[in-house]
Each structure stands twice: as C-alpha cells, then as structure tokens.
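Before any comments, here is the structure.
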Amino acid sequence: MELEGKRVALGVTGGIAAYKSAELVRLLVKQGASVRVAMTEAATHFVTPTTFQALSGNRVFTDQWDTSVANGMAHINFSREADVLLIAPASADFLAKLANGLADDLLSTLTLARDCPLLVAPAMNRQMWSKPATQRNIATLIGDAVGVLGPASGDQACGEVGEGRMLEPAEILEELIARFQPEVLKGRKLLLTAGPTFEAIDPVRGITNLSSGKMGFAIARAAREAGAEVTLICGPVALPTPRGVTRIDITSALEMHAEVTQRAAMYDVFVGVAAVADYRPRIVSEQKSKKDGNPPPIIELVWNPDILAEVAALPHPPLCVGFAAETGNLAEYAEKKRRKKKIPLIVGNLITDGFGGDTNTLVFFDDNGQQILKPAPKLVLARQLITRIATLLENLHAPMTP
Ligand code: PMT
C-alpha cells in the first residue's frame, strides 16, 4: 500500500467532476490513506456528503458554523491533522479565492489555515480555464508553492472539447504518491530503455521477446517521483506512459540505438532495462514470404550494436546501469556482463516464470559485491534502485548543466 499511514485532507468544490472525487477517495483508502473530506456548499449539489462519508469512513465537513465540532475550530484542526491538503475538483471560483487569500466559507478558511502542502486539481470549462484571470490565478498559486495537477484535455461535460478536464482519479493518486517520495534525483536527467525490440523478417513477421516493459516503466516512474527529468525509449509495449515522463517509441534495436546514442551524452544516468534483440535478419523481405511447397527459409542474422556498451564507452559517459535477466548462474553471468560492458552497476533478475510479471527479484552487482533485494512489486524495487543510483551519483558525478 503506497499511502499507508498518510493522512489526506480532501476538499471538494462545486463542479461536475465532483463525482470523480468519490472514486478518488476509494482509491486513496485502498492505498492505506486515512481521508477526511470537506465540501463547499456548491459541491453538495453534485454529490452528497453521505457518499464521501461512506467511502472515507469519516464525518464530512460542510458548514463553517457547525457547533457540534469541539471548540468550533474545524478549520484549524482539519489541515493540522493532515499530511497533504488536496482540492479536487478545484473550480475556477475556488482557485480565484485561493490566489487572493479569501476565506469566506469553511473550505477556503481551512485552506488558508493549513500548515501542510496544498495540491489543486482544476476542473472547469475550457473557456474558463483559458481566461487571463484564471491563468493569472494559477500562476500566483504556483508562485505560492501550490502544486497544480492538470488539468487534462478532452471531452467536457458541457459538450465542448478542450483543456480543463480534471485529471482521472488514478492520475491524481499517482501524483499524490509521487509527492511523498524523497527527491533524491532532483536536478538530474535520466535516460532509460524498456520493453522488447522487434526485428522484422518480412512485413508481417519478426524476432522479438516477451518483455512487457513493466520493470522499465516502473523505473521511469520512480525516477520522475524522485525529481529527475526522465526520457523513456521503449519498444512495442502496451503500457500507459508514467506521468511527467517523455516517451519515445521505437520498434527495432537499430532505432533504439539511434535514439539513445544521439542523447546519452546529455544525461546524468543511463539505465538499460530493455531486452534488446542481440541480432536481426540481415535482409528484410519486402514481401510476405510464401510457403509454396519450398523448404522453410534460412534467415541469416547479423549482430545488433550493443547500446549500453557504446554509451559506457563515451568520453564522458553518464552513470550507466545495466540489467541482466538469466535463468541460472545469475551472479556469474551478470558480473561477466558488467565487466564486459564496463559499467559500475548491473541489476540481475532470475527469470523463473518468464517476463511480464508484476513482481521481481533483483540483485545489485557492483565493485563491492552483491546485494540481494527481497522479492517485491516492480515499483518498490524501482524505488530501491533509484536510491542506489542517487548514492552512486553523489560519489561520482556532478549534475549535468541544462
Ligand atoms: O519488461 P518486463 O516484462 O518487466 O521484464 C523486465 C526484464 C526482465 C526484461 C528486465 O528486468 C531485464 O532484465 N532486462 C535485460 C534483459 C537482458 O538480459 O538483456 P541482455 O543480457 O541482452 O543485455 C544486458 C544489458 O545490455 C541490458 O541492460 C540491455 O538493455 C543491454 N543491451 C543488450 C543488447 C544490446 N544490443 N544492447 C544493449 O544495450
């Protein structure tokens, strides 16, 4: 559970996206957070307090003049007992109040009285979002260290299409979890590869492997959570891009090689998580090859370039981290790869059930020997790897200048 022990205060303002905040509460609770909700009067016209009470398991605050609250200081206690205050949805009107320090109802009062970080997830019609007044208010809030999540672009409840939609509950959850991670890679640039490559034989056939990309995508997310600027170069996978990560899709090892080598020198860290095909057909047939009673074709293969070894051999290489998936003799093979590619750290994983699972068992191999990590979900392991990379960076490299 990603938010175990965390206390989230959720403010809900009046907008149709308020119905999504009910789902958000469910997701937060599922991740172990304790959630307390305060609503504006307008919000109660979209969703009832009873819904939030049932989902959070806690009483919902709506009234500034509620005399049943001990010493009548609901606005003080609400945020004092929270690790973060999140306003979702945040209407244009509410953002204007926040930007100007107004406190004329319960939610704006408790927001002004907070002593915890504040995040807002704007939700409004695209015209309202684009107005100079709203944009001025957002700029003021960013200047006041308020975290602004979204908005997204797309279909709007009013029937229009454009920017102003509230982020989806799962996206808000991801952002919130990210805020609780230590920013050990702040100011660093990290480049990584993930997934398989596909080496064409003809227009419909090719050589590939079963890498799902999950491990690499988890590392991209963990690196971004840790404050890094992240570029992810990935083969054909069916995964959503982690928020805030720049993604470049490629198909073959040669394409991955080109995308990596043109950038690598500008990064502090390069992590090769991809299961790159070692070889490709020398000739790619332009036509689908036919059976026609002939014997099956003999496909001549040629080696692909070793991307990781090439990056590690640059005159001023980024900190290079490799991966090694083995079905046996992990220590021997991983260490051999590390030395051959001349990289400081390789991460070994023993493949017992094939690729694609949600958990992994990793072992770090470096100059000091090996460190076996407990089997865990890929995101948990990714965060441990990021911590290790941050330590290595502190000892080895000054940050890249932008
Ligand atoms: O994607 P998932 O389903 O989550 O699975 C994750 C994974 C098992 C694919 C991943 O954790 C992993 O271990 N990836 C490396 C697989 C492997 O053993 O690759 P390799 O032995 O071919 O290469 C070793 C290292 O060199 C890797 O860092 C690889 O990215 C790099 N390499 C390899 C060949 C090549 N031509 N260029 C490279 O850069």
Kindly provide the Kirkwood hydrodynamic radius of the stretch 59-159 in Å, to one decimal, from all pairs of distinct alpha carbon atoms.
-> 14.5
Go from 0 up to the bin containing the longest alpha carbon distance in the stretch 189-396, width 10 Å each, and give me the % of pairs per bin.
-> 8, 35, 36, 14, 5, 1, 0
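Based on other C-beta atoms within 10 Å, arrange His257, His45 from fewest to most.
On the way: His257 21, His45 11.
Ordered from fewest to most neighbouring Cβ atoms within 10 Å, His257, His45 come out as His45, His257.
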The stretch 139-149 - phi-based ³J(HN,Hα) in whole Hz, Karplus 6.51/-1.76/1.60, Gly and Pro as x = 4, 4, 5, 4, x, 8, 6, 8, x, 9, 9
Go from 0 up to the bin containing the longest alpha carbon distance in the stretch 169-309, width 5 Å each, and give me the % of pairs per bin.
-> 2, 10, 18, 18, 16, 12, 9, 6, 4, 3, 2, 1, 0
How large is ³J(HN,Hα) for each residue in the stretch 81-89, as worked out from phi by the Karplus curve 6.51 cos²θ - 1.76 cosθ + 1.60 (θ = phi - 60°), to whole Hz, x for Gly and Pro?
-> 9, 10, 8, 7, 10, 10, 9, 8, x
Amide H to amide H under 5 Å from Lys6: which residues, 5+ apart in sequence or cross-chain, H placed 1.01 Å off N in plane?
-> Ser34
Would you please name the GluC sites (Glu not before Pro) within the stretch 123-223 that are DSSP coil residues with at most 15 other C-beta atoms within 10 Å of their C-beta?
-> Glu160, Glu183
Starting from the amide H of Tyr279, placed 1.01 Å from N in the peptide plane, find each other amide H under 5 Å away whose residue is 5 or more places distant or on another chain.
-> Asn304
Quick one: Kirkwood hydrodynamic radius for the stretch 111-199, alpha-carbon pairs, angstrom, one decimal?
-> 15.8
Charge sum, other residues only, whose C-beta stays under 12 Å from Thr359's C-beta, Lys/Arg counted +1 and Asp/Glu -1 = +1
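With the contact rule set at Cα under 8 Å and sequence spacing of 6 or more, what percent relative contact order holds for the stretch 7-179?
On the way: 345 pairs, mean separation 39.7, N = 173.
Relative contact order of the stretch 7-179: 23 percent.
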Charge tally in the Cβ shell below 13 Å around Thr134, where Lys, Arg are +1 and Asp, Glu are -1, Thr134 excluded = +2
Part-to-part distance (alpha-carbon centres) for the stretch 349-373 and the stretch 217-263, which is given in Å = 21
What ranking do Ile138, Ile76 get, fewest neighbouring Cβ atoms within 10 angstrom at the top?
-> Ile76, Ile138
0 to 90° range, to nearest 10: angle between helix 18-30 axis and the chain longest Cα axis = 60
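For a quick check: sort Lys336, Lys214, Lys189 by the number of other beta carbons within 10 angstrom, fewest at the front. Walk me through the numbers before you get to the answer.
Values: Lys336 14, Lys214 23, Lys189 20.
Result, fewest neighbours first: Lys336, Lys189, Lys214.
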Under 5 Å from the placed amide H of Arg247, counting only residues 5+ away or on other chains, we find Leu232
Relative packing of peptides 354-360, 145-151, 290-296, 305-311 - highest average C-beta neighbours within 10 Å first | 305-311, 145-151, 354-360, 290-296
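Would you calculate a helix-derived [θ] at 222 nm for the chain, using -39,500 (n - 2.57) for each DSSP H run of n ≥ 4 and dividing by the full residue count, to the nearest 500?
Details: 13 runs with 129 residues, N = 402.
Computed ellipticity for the chain at 222 nm equals -9500 deg cm²/dmol.
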Sequence-separation-based contact order of the chain, relative, with Cα cut under 8 Å and 6+ spacing, percent | 11
Could you state the angle between the C-alpha long axis of helix 330-341 and the longest principal axis of the C-alpha atoms of the chain, as a value from 0 to 90 degrees rounded to the nearest 10?
-> 80
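For a 32 Å ceiling on Cα separation, which of these pairs sit above it: Lys189/Lys214; Lys214/Lys290; Lys189/Lys288; Lys186/Lys341? Intermediate values should be presented prior to the final figure.
Working: Lys189/Lys214 21 Å; Lys214/Lys290 36 Å; Lys189/Lys288 42 Å; Lys186/Lys341 28 Å.
Result: Lys214/Lys290; Lys189/Lys288 exceed 32 Å.
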3J(HN,Hα) from dihedral phi, the stretch 379-387, Karplus parametrisation 6.51/-1.76/1.60, rounded to Hz, x for glycine, proline = 5, 5, 5, 4, 5, 5, 5, 4, 4
Radius of gyration and maximum dimension Dmax of the chain, Cα, Å | 25.3, 90
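Counting only Cα atoms, I'd like the Rg/Rh figure for the stretch 7-179, Kirkwood definition for Rh.
On the way: Rg = 14.9 Å, Rh = 15.9 Å.
With Rg and the Kirkwood Rh in hand, the quotient comes to 0.94.
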Rounded if a/c is under 1.5, else prolate if a/b is larger than b/c, else oblate: which is the stretch 253-347, with a ≥ b ≥ c the root eigenvalues of its Cα gyration tensor?
-> oblate
Using Cα centres only, tell me the gap between the stretch 156-174 and the stretch 1-50 in whole Å.
-> 16
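Taken together, the values in this text are just the output of simple stated rules run on the coordinates, not laboratory data. Owing to the predicted nature of the structure, the values given are computational and were not obtained by experimental measurement. Note that each Cβ is placed from the backbone with ideal geometry, even for glycine, and that neighbours are counted across all protein chains shown.
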